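Structure record follows, encoded as structure tokens.
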Amino acid sequence: MLGNEAKTITPFESKVWLSSPTMHGDELKYVTEAYETNWMSTVGKNINEVESLAAKKVGCKYAVALSAGTAALHMAVKLAGVKPGDKVFCSDMTFAATVNPITYEGGVPVFVDTEYDTWNMDPVALERAFELYPDVRLIVAAHLYGTPGKIDEIKAVADKHGAKIIEDAAESLGASYKGKQTGTFGDFNAISFNGNKIITGSAGGMFLTDSEEDANKVRKWSTQARENAPWYQHEEVGYNYRMSNVIAGVVRGQFPYLEEHIAQKKAIYERYREGLKDLPVSMNPFDAANSVPNFWLSCMIIEPDAMCRQVRGEQEVLFIPEHGKSCPTEILDAIASINAEGRPIWKPMHMQPIYRMNGFVTREGNGRAKTNAYISGGAVGQDGRPLDVGMDIFHRGLCLPSDNKMTAEQQDVIIRVIRGCFE
């Protein structure tokens, strides 16, 4: 069922995407250069230039261009020495690519609940996780939707327990925390150039480090672990993970426009915030005193008292419209009806069928029973907060159309549609 506002609006002729690639022309120049010089494989000038650009922008010594951000995370997990059966603490509200590389090496993800201030890993829950699993020595922390998490607090907990950090900065290239770029805070770091990211190669990612030894290991492993011999000699398992010179050409052409893209995304975020300010909603939060997001995706969350009834199954969802209230499903349906793309917030990993038997820790301890209580009755802790913060944000939140080619006029229409859902 759609609000009256959406019913009266003519859909956009061209779809307004959540976040699509924005090309400028330089990309084609470098791709053509790769073609004309016949450097079409996993070596070439574009790769060298992109690695240099990434290291300079982020502020690290070494960058290794890979086929995907997931490949970079896998190499980080391998460098961290994860062995079969090893437990690893992970961000819970994130994309599956943050977590899956742990399982590639036989590790067992244990999910740490989210905090409301930045929608990232909760340092209080992380400390509690070490009480429950004192032998864990690795943390994988993501920066959700381009917003830096509570980095100092997470690092303090990690240092206290002798744990290393893999920083998943796939979504946060160009974001900073206390003046320092994300992608530099972990012992091992990864960024992504996937097709929907702030800059893109259509694919691709980067492993970032200050360790020459780690960079060299990743270069070797990502090219099938070939030894320095006249023939193909292999002494360990390798991977076909290197970025191609063609993809690198696209990324190379995108890099000069990173700050422009961030400025455009920030303007979108601020227009939403202004246009929705008198509704019972708020935008995805960030710590303005310490961090500068890249505003990759603009998201919103509905106040609990303004939620109409909504129930989500494994693949289906139902809601009951109610005057003055709405829910993510109603808003997403209304946005889709005018040919614009929104999406639900990432479903927490501990609620994914593949990971439902894995550990999950909230700031009050083992979160599994509490998750079931939240689903059935909205259980809260001693401080009145939901026991499962990630599921609460998932239940009430959604990602709004955030494409930097969207015009202000198109965004105004989307805002009108959202407002109509609360009428």
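Tabulated data
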item	result
Those residues of the stretch 28-45 which are of a type in the set (Val, Ile, Thr) and either assigned to a helix (DSSP H, G or I) or farther than 29 Å from PHE185 by Cβ (or both), in sequence order	VAL31, THR32, THR37, VAL43
Per-region count, the stretch 178-208, residues crowded, with 24+ Cβ neighbours inside 10 Å and of a type in the set (Ser, Thr, Tyr)	2
Which numbered condition ASP305 misses (of (1) at pLDDT 95 or above; (2) farther than 30 Å from GLU131 by Cα; (3) not in a helix (DSSP H, G or I))	(3)
Sole residue being farther than 22 Å from ASP388 by Cα and assigned by TED's automatic domain parsing to the domain that holds ARG252, chosen from ALA141, ALA129, ALA125, ALA170	ALA170
Which listed residue, of ILE47, ILE9, is at pLDDT below 95 and farther than 30 Å from TYR355 by Cα	ILE9
Identity of the residue in the stretch 114-136, among the charged types (D, E, K, R) and assigned to a loop (DSSP other than H, G, I, E, B), that ends up surrounded by the most Cβ atoms within 10 Å (Cβ to Cβ)	ASP122
Test: ILE335 is out of contact with any strand residue (DSSP E or B) (no Cβ under 7 Å at 6 or more places or on another chain), modelled with pLDDT of 95 or more and of a type in the set (Val, Ile, Thr)	yes
Residue selected from the stretch 137-168 under the condition charged (D, E, K, R) and surrounded by 20 or more Cβ atoms within 10 Å (Cβ to Cβ), by the criterion farthest from the chain's Cα centre (by Cα)	LYS150
Residue match in the stretch 165-173 (condition: at pLDDT 95 or above, hydroxyl-bearing (Ser, Thr, Tyr) and touching a strand residue (DSSP E or B) at 6+ places or on another chain (Cβ under 6 Å))	no
Of all residues making up the stretch 210-253, the number that are in contact with a His (Cβ under 8 Å, 6 or more places away or on another chain), touching a residue at least 12 places away in the same chain (Cβ under 8 Å) and either closer than 30 Å to ILE198 by Cβ or assigned to a loop (DSSP other than H, G, I, E, B) (or both)	5
Flag if ASN240 is over 30 Å from ASP412 (Cα atoms), over 20 Å from the mean Cα position of the chain (by Cα), polar (S, T, N, Q) and surrounded by 14 or more Cβ atoms within 10 Å (Cβ to Cβ)	no
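For every residue, the table says whether it meets (1) in a loop (DSSP other than H, G, I, E, B); (2) buried (at least 22 other Cβ atoms within 10 Å of the Cβ).
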{"position": "ILE47", "(1), (2)": "no, yes"}
{"position": "VAL64", "(1), (2)": "no, yes"}
{"position": "GLY85", "(1), (2)": "yes, no"}
{"position": "VAL88", "(1), (2)": "no, yes"}
{"position": "THR103", "(1), (2)": "no, no"}
{"position": "PRO109", "(1), (2)": "no, yes"}
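The values are calculated or read from the model by the stated rules, or taken from the named source; none is laboratory data. The structure displayed is predicted, hence computed values, not measured ones. Neighbour counts are summed over all protein chains in view; Cβ atoms, including those assigned to glycine, are modelled from backbone coordinates with ideal geometry.
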